[in-house]
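A short reminder: the numbers here are calculations on the coordinates, not readings from a lab. Treat the numbers as computed from the prediction; the structure is a model and nothing was measured. Backbone-built Cβ (ideal geometry, glycine too); neighbour counts: all protein chains shown.
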Amino acid sequence: MTIYAPFVIERSSRGDRSYDIFSRLLMDRIVFLGSAINDDVANVVIAQLLFLQAENPERDINIYINSPGGSVYAGLAIY
């Protein structure tokens with residue numbers, strides 16, 4: 001099953017720029033976890049958290065979770 005992400009268009013003085021919604025949320029330091037947790041999903045979430053922490057360790061990171069569950073070990077890796 002293929003899931004398509006909506007795109008957001010931002011207008012600035014330099015022109016229009018299109019982002020997929022997850023990239024745009026990440027720019028606002030929001031990580032969205034919307035699937036069952038497995039090793040691959042955990043790796044992506046951890047990479048996003050590490051990137052945001054390295055970018056600015058003083059700012060908060062918001063995580064929104066809509067997950068039916070999954071691997072306990074992968075979930076603990078995110079925790």
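Can you give the longest run of the chain that contains no trypsin sites (Lys or Arg not before Pro) sitting in a DSSP loop with at most 11 other Cβ atoms inside 10 Å? Intermediate values should be presented prior to the final figure.
Working: sites that count: Arg14, Arg59.
Longest site-free region, per DSSP loop and neighbour criteria: 15-58.
Only bridges with both residues in the chain count here: give the DSSP antiparallel percent, nearest 5. List each step's numbers first, then the result.
On the way: 6 of 11 bridges.
Looking only at bridges with both residues in the chain, the antiparallel portion is about 55 percent.
Suppose R0 equals 30 Å; then what is the FRET efficiency for Met27 and Ala77 from their Cβ-Cβ distance, rounded to the nearest 0.05?
0.80
Remark: region 16-78 carries a charge dipole of roughly 80 debye about the Cα centre, counting +1 on each Lys and Arg Cβ and -1 on each Asp and Glu Cβ. Relative contact order of the chain, taken over Cα pairs closer than 8 Å and 6 or more residues apart, is 30 percent.
Relative to the longest principal axis of the Cα atoms of the chain, helix 39-55 runs at roughly 50 degrees.
What translational diffusion coefficient, to the nearest whole µm²/s, does region 16-78 have by Stokes-Einstein, given a Kirkwood radius computed over alpha-carbon pairs, a temperature of 10 °C and 1.306 mPa s viscosity? Mind showing how you got there, number by number?
On the way: Rh = 12.4 Å.
After rounding, the answer is 128 µm²/s.
Placing a label point 7 Å from the Cα of Ile65 along the Cα-to-Cβ direction, the residues of region 1-44 with a backbone N closer than 15 Å are 31-39, 41-43.
Based on DSSP H runs of at least 4 residues, each adding -39500 (n - 2.57), what is the mean residue ellipticity at 222 nm of the chain after dividing by all its residues, to the nearest 500 deg cm²/dmol?
Numbers: 3 runs with 31 residues, N = 79.
Helices in the chain give a 222 nm mean residue ellipticity of -11500 deg cm²/dmol.
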